[in-house]
1. Show me the ranking of peptides 852-862, 488-498 by mean Cβ neighbours inside 10 Å, starting with the highest.
2. Using +1 on the beta carbon of Lys and Arg, -1 on that of Asp and Glu, and nothing else charged, what's the dipole of the chain about the Cα centre, debye to 20?
3. Could you run the Karplus curve 6.51 cos²θ - 1.76 cosθ + 1.60 with θ = phi - 60° over segment 432-447 and give me ³J(HN,Hα) per residue in whole Hz, x for Gly and Pro?
4. Using 0.36 nm per residue, how much length does the chain from Ala554 to Ala298 gain when fully extended, once their Cα-Cα distance is taken away?
5. Give the separation of the Cα centroids, segment 243-305 to segment 805-832, in Å.
6. Rounded, prolate or oblate: pick one for segment 3-147, where a ≥ b ≥ c are the square roots of the eigenvalues of its C-alpha gyration tensor, a/c under 1.5 means rounded, and failing that, prolate if a/b is larger than b/c, else oblate.
7. Counting Lys and Arg as +1 and Asp and Glu as -1, what is the net charge of the other residues whose Cβ lies under 12 Å from the Cβ of Ala748?
8. Compute the Cα gyration tensor for the chain, then decide on rounded, prolate or oblate, letting a ≥ b ≥ c be the square roots of its eigenvalues: rounded whenever a/c is under 1.5, prolate when a/b is larger than b/c in the other cases, and oblate in all that remain.
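No lab work stands behind these numbers, since they all come straight from the coordinates. On a predicted model such as this, the values are computed, not experimentally measured, just so you know. Here the Cβ positions follow ideal geometry from the backbone for every residue, glycine too, while neighbour counts run over all protein chains shown.
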Amino acid sequence: MTPEERSRKESPAVGSATTAPRSLAESLRARDDASLSALLRARPDLITPVPTDLTQLATRAGTRASVVRALERLDRFALQTAEALAVAPDPASYEELLGLMAGDGGAEADPVVADVLPHALATLREQALVWGTDDRLHLVRTARELLAPSPQHPSPTGLGPTVAEATAGMSPGRIQEILTTAGLPTTHDAVSAVASLTALFTDRARMAVLLDAAPADSLEVLSRLVWGPPYGQVTPDPAAHLRWLLDRGLLLPTAPGTVVLPREVALHLRSGRAHRHTEPLPPPVEAAATYRPQVVDATAAGQAYTALATVEELLKDWDEGGPSVLRAGGLSVRDLKRTAVALDVPEPVAAFWVELAYAAGLLASDGEADERYAATPAYDEWLELPASERWSRLAAAWLTATRTPGLVGGRDTKDRTLSALGPGLDRSAAPEVRHRVLALLAGLPRGTSAAPDAILSRLRWERALRGAQPAADDLRTRLARWTLSEAELLGVTGRGALSAHGRALLGEGEHPEQLDHPERPDRAPAAEPAGPGDKLPVHHQHHRPAPREPLTAAERATAAAHAARLLAPLLPEPLDHVLLQADLTAVAPGPLERPLADMLDVLADVESKGGATVYRFTPASVRRALDAGRAASDLHAFLAAHSRTPVPQPLAYLIDDVARKHGHLRVGVASAYVRCDDDALLNEILADKRSASLRLRRLAPTVLAAQTDPATLLDGLRAMGLAPAAESAEGDVLITRAHAHRTPPRTAPEPVPEGPPTPDATLLTAALRAIRAGDLASTTPRKPTGNPTADGDLPRTSSAETLATMQAAVLTGGSLWIGYVNAEGTASQRVIAPVRVEGGFVTAYDHTADEVRTYPLHRITGVAELADDQP
């Protein structure tokens, strides 16, 4: 059943005032379980905690915080409908509302508004912002206070106060003068005078006659105020054209020097419209460009591979321990710049990759005294996965993360800089905005990209902001812009269009056999009916957004696995070879297998990246491989086994030359010393001016002592072009390998929810049972007792009275209202039908839990019999 059908079903027909609800609580009481479930799903804060009955639910639905949250989740037309009701009489009829939305012509003036208005009204009813029948529509009081015009908070409609409100502080004599000048007969009191003036301003024929006699300058003043703001400034001695308006009440003073255009006058000038522009339909998401779907998927897959390589490079750079953690948490500006240079990307992009690795649980702080960032053990497990599954892990983490890298470098509420990996980056709206942006792209034909401004306009319509039009830098707009750029970086989109694996990530992917037919148009979402038995016009149906329930954890896992399967064939296969060249470089024409890539990272330096990676062999890089324990013969064999071209002679000579010198010098601990069997080489070192900073002196023909530590001595000799090797206290050569630094096991950061989570079906069912049972207890007539409370609440009874009442109910089959305190000391009230009483326990059918339960009699604080005709 649609919201409109539920709304009309629950609201009596027009004119049936005898059955009209008298309050929001009565309106909720008339709803069925499906309608109440829809309310609690739309406003989950109403069941946190679960209300005791429908009266408490209605009270909670009218609190300021809850109403503000509900208004902020309305689309623009539903919000405009609520704004119109805020300036309408309370109660208002549906015809009055239609006039405010479509103008004096009603459905004939704007048929689209007339078609869509029932849907907007049903949305407001479903969310308990509006209640009552179509001839008596009530906007909840808190919403009216929030949306009604005032000098401090002008109405979004641009309307001012009514004549009655504007003249509240005016003297009766002045009101009578206005009546006389406007051509109305005087009255005996101010109330009837205000009513007479209001009747004039709401009579279109008489108002037309009055305005026909107005000076042109007076009409020009009204035209400036008609669409708001309705307030203006006047001098103590206003001009003649302003005096003409003031004398007839077309402008009314509100404070010294300030006048206002009364609401009734403005509505006449607007032809009855509350808004200058109504937006009954969301703006369409216009296509920017169209590509072949295969091109989009290939482009996105290439960027997905780049994303994997970037994350691996980031964590490899931090493999031995990353940057230090700031005292306040996060990454310093200097470390972020250093990371951006290492990744060869701008700083905002570097912040995105750092935050993505953190959101995926691959990066965390190590928790040591000198706290640093490092890879987690989950990173090693992630590396063992196939490339497509590694990507799906990253993409799924990005889609649900509330941390927002785009905020890095900005300021928080205390004017402190927001740093990457630091506090203050969570924005609970981020997952919903990301999902909605991708869903809008998914609604376009495959291979079609959307204009960013069209997506932003659609999002602003779907979640309108109260007050003036939203600024270009409001949070949701910025989140949407960041989503578009981050999706492209991550490979979810390609050339601005959603890829097949990106579509699957949303749970909207197609089967592989369907992907072979790119010309097949996507199915349009089902249109939502605008009223009972009616459909929106065909040309409007595809504009109405089709809301979807968020995916569960299991559905997200299934969607990620499906995305990985679609991406896998598009990623390049790892290669087991490189192309060695005579200029001491090696070209990797694609991604390399991990053992080959790890070895090349030690043996050579990366010179350039792109479609192919170029490695350069240098004496320092070869020495690095020898320091890691590789022999020259091992390096020759490795290159011969993994090169599709013969090993160039210059490269072979380089390896042999560095190996011949490697370890010829030995550095140990004296505080440090150098020993070498070739005393001529030691003489050469002593004579070299570059060794002066090492403060060397000869201890023996083959030994030099240094007044520095071994690491500094090694670096100094290597800077002179030598190839020394470190040795242990026993004289053995020390093999130096990079030691991977890992944090203790860490879990990925939990997203910060946007308010209370949407309740699942189990919680909704239990909550409805409890609310219905509590409402039954609070509204059912009770049999008179000897000790009723003054306010009609459940009385306290003695143990003997409780036992006697229980036993009587078992015999008669009656229902009881009981107060119960559980083992944790929590008090509640329940409606039960006792079945058996024995051994100090009562077994009864509990209407609150909808099941048979057993309660200790000593925990029952009070009992009252319900009327015989109740369950």
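1. So the peptides 852-862, 488-498, ranked by packing, come out 488-498, 852-862.
2. Taking the Cα centre of the chain as origin, the dipole is about 1040 debye.
3. Using θ = phi - 60°, the values come out as 5, 5, 4, 4, 5, 4, 5, 5, 5, 5, 5, x, 8, x, 4, x Hz.
4. Result for the pair: 89.3 nm of gain on full extension.
5. 56 Å
6. Because a/c hits 1.5 or more and a/b exceeds b/c, segment 3-147 counts as prolate.
7. Residues close to Ala748 contribute a combined charge of +1.
8. Because a/c hits 1.5 or more and a/b exceeds b/c, the chain counts as prolate.
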